Amino acid sequence: MAQTTQIEVIDSTAQKQKRLKFGVGFGLGFVGGTNISLSPNVTYLLSDKIAVGAGIQGSYTAIKNLQNTTTFGGNVIAQYTPIKMLSTLIEFAELNVTTKTETPDGEVKNTYWDAALFLGAGINITDKITMGAKYNVLYNSDESVYTSPILPFVTITF
């Protein structure tokens, strides 16, 4: 009776997908004033289609001799990737907002909390870069720190 041996070949070049991903969003603008923002985050892949994460974010916006706004806060996010090219998201952000406005009577300071609940979608340009837009369902033009309920985004992960 002949004995057979099974040999399993393991591809050592195949890279296992990292479950923990770090990302960063940033903005820099000088049209009509100064705008600087930074938002590092971390996400954990629950599966190849679902990820959850959290981050912090801060920004500074100034219009010379008129107004400046500083925000700092955090966010939680859930992402779903139904197909390789498309990512959808739901994100909740809570920001502490401080606005200083110059008036003829002096400086007026206003501090408050602003909450945002975003629903969005983006195109996965590569495995590390996604571009898209998100809509703030809690947007109120009189109270929101955001200038529009729709925000474009670029996500870079590593």
Net charge of Cβ neighbours under 15 Å - reference residue 22; Lys, Arg +1; Asp, Glu -1
+3
Among 71-83, 139-151, the order from most to least packed when residues are scored by Cβ within 10 Å on average:
71-83, 139-151
Which ³J(HN,Hα) values in Hz, rounded to whole numbers, follow from the phi angles of segment 83-88 under the Karplus curve 6.51 cos²θ - 1.76 cosθ + 1.60, where θ = phi - 60° and Gly and Pro get x?
9, 4, 8, 10, 10, 10
Note down the nm distance, to one decimal, between modelled labels 7 Å out along Cα→Cβ at residue 158 and at residue 56.
1.9 nm
Each residue of segment 116-125 in turn: what ³J(HN,Hα) in whole Hz from Karplus with 6.51, -1.76, 1.60 and θ = phi - 60°, glycine and Pro shown as x?
9, 10, 9, 10, x, 8, x, 9, 7, 5
Mean-square fluctuation maximum in Gaussian network of the chain, Cα pairs under 10 Å, restricted to 31, 137, 52, hits 31
As an exercise, find the ratio Rg/Rh for the chain from alpha-carbon atoms, using the Kirkwood inverse-distance average for Rh.
1.20
Alpha-carbon Debye profile of segment 77-158, log10 I(q)/I(0) at 0.10, 0.12, 0.19, 0.21 Å⁻¹
-0.35, -0.46, -0.85, -0.95
Could you let me know the centre-to-centre spacing of segment 127-153 and segment 86-102, using Cα atoms, in angstrom?
8 Å
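Where a number appears in this text, it was derived from the coordinates with a stated rule and is not lab data. None of the values given here were measured: they were computed from a predicted structure. Using ideal geometry, Cβ is built from the backbone for each residue, glycine included, and neighbour counts are taken over all protein chains shown.
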